[in-house]
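The block underneath contains the structure these notes are about, expressed in structure tokens.
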Amino acid sequence: MSVLAIIIALLLDFALGDPAWKWHPVRVLGYIADALEISCRKIHAIARVQGAVFLVLNVTLFMFFISLILFAASFSKPLSTFIEGVMIYFALGGTCLAREVSKVAARLVKDGPTSARGELRMLVSRDVDGMGEEEISSSAIETLAENFSDSACATLFYAAIGGALFAWIHRVANTLDAMVGYKTDEYAEFGWASALFDDIMNYLPSRISAVIVAIASPSVQGSVNLTLERARLDGGSLASPNSGYPIAAFAGALGVTLCGPVSYFGEMKEKPFIGTGQAPRVNDVMRAESLYWNAYAFAAAVALALRCAMLS
């Protein structure tokens, strides 16, 4: 894979975002996963075995189709490069959510919390009813931080070291975790393999993302050292082994406190607070957007440099 494929992916992501096409590859993955879940739950085995089979089938099928497309385009180098760039683009989600978070901030400024909650509801799985400005702002920044790690930094990292195939292994892991990785009665056992696979795939990128956010922190009057220190202190405080690192880095760079108790599906979860300082307000969401775009630009440069180093 050439460096040009990553450049194509980045240009398409910035220009088009994540279009809501019915046959978008991530949605196709969702359709396949829904069908396979029904089939796998009929296997005469414990839920953990059903979930492991579900994971293996999804990864195997999607990797087969990705490899087939790449092979079909391999007879022409320009075509192969373009196709690989498009496939990396479909795995990359760096632009879309950042623009959606911007809508939340705009609604909060213009119409207040009630309108902003409607925008936020489409981005998060937590209960948003009754949230005020601080809770909405914190949720928006946390989502932005997690997206930077999962959909921008991690995808670019895997694309740099293994092209579209590696980028899509990560995207499959991330998508399946979002579908079945919940700690609910329905999915706690069935989704364990998908959740574990996603944790493994995001272990290194989540920590790389915290470093990149720290490097970008001066763009929002943050401190590189203080951001790294906050990531070190609070990165492991959440139940997820990975999501705390980018969130802690954003909290450190912005000088705010994120997370805390939050309701999911009507049940209050006692999540710890991350960071120090005041609770975020709408102006902090805007600062977080600036931090995100600067960190995304730096992550792109790092990915391109990494790919160049691997080709040299």
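General observations
- Computed over the range 28-167: relative contact order in percent, which uses C-alpha pairs under 8 Å that are six or more apart: 22 percent
- Between the range 7-32 and the range 60-105, the Cα center-to-center distance that results, in Å: 7 Å
- Over all other residues within a Cβ to Cβ distance under 15 Å of Ala167, the charged ones net out to -3, with Lys and Arg as +1 and Asp and Glu as -1.
- Local charge for Leu176 was computed over the other residues whose Cβ lies under 14 Å away, with Lys and Arg +1 and Asp and Glu -1, and equals -4.
- A Förster radius of 51 Å, combined with the Cβ-Cβ distance separating Phe14 from Ser263, puts the computed FRET efficiency at roughly 0.90.
- Annotation: the range 1-43 has a Kirkwood hydrodynamic radius of 12.7 angstrom, from the mean reciprocal C-alpha pair distance.
- Taking label points 7 Å from Cα along the Cα-to-Cβ direction, Ser125 and Leu204 give a separation of 2.6 nm.
- Pairs from Lys22/Lys183; Lys42/Lys103; Lys42/Lys183; Lys22/Lys103; Lys103/Lys271; Lys77/Lys103 whose Cα-Cα separation, in the structure shown, is over 32 Å: Lys42/Lys103; Lys77/Lys103
- Kirkwood Rh and Cα Rg combined as Rg over Rh, evaluated for the range 32-140: 1.18
- Order of Trp23, Trp192 under a 10 Å beta carbon neighbour criterion, fewest first: Trp23, Trp192
- For Val28 and Met310, the FRET efficiency from 1/(1 + (r/R0)^6), where r spans their Cβ atoms and R0 equals 30 Å, is about 0.55.
- Kyte-Doolittle mean at least 1.0 and Cα axial length at least 30 Å: DSSP H helices in the chain: 47-73, 192-216
- Computed label-point distance, nm, for sites Glu186 and Ser115 using a 7 Å Cα→Cβ extension: 3.4 nm
- Largest first, the three principal axis extents of the alpha carbons in the range 3-311 are 55, 48, 36 Å in whole numbers.
- Near the amide H of Thr257, within less than 5 Å, lie the amide hydrogens of Gln278, Ala279, all on another chain or at least 5 residues away, with H placed in the peptide plane.
- Between Val224 and Ala45, residue separation times 0.36 nm minus the direct Cα-Cα distance comes to 59.4 nm.
- Relative contact order of the range 3-311, taken over Cα pairs closer than 8 Å and 6 or more residues apart, is 20 percent.
- Once both labels are positioned 7 Å from their Cα atoms along Cα-to-Cβ, the gap between Phe273 and Ala106 label points is 3.3 nm.
- Each other residue within a Cβ distance under 15 Å of Arg99 adds +1 if Lys or Arg and -1 if Asp or Glu, for a net charge of -3.
Every number here is computed from the coordinates shown, using simple stated rules; none is lab data. Note that the coordinates shown come from a computational prediction; the quantities given were computed from them, not determined experimentally. We place every Cβ from the backbone using ideal geometry, glycine too, and count neighbours over all the protein chains shown.
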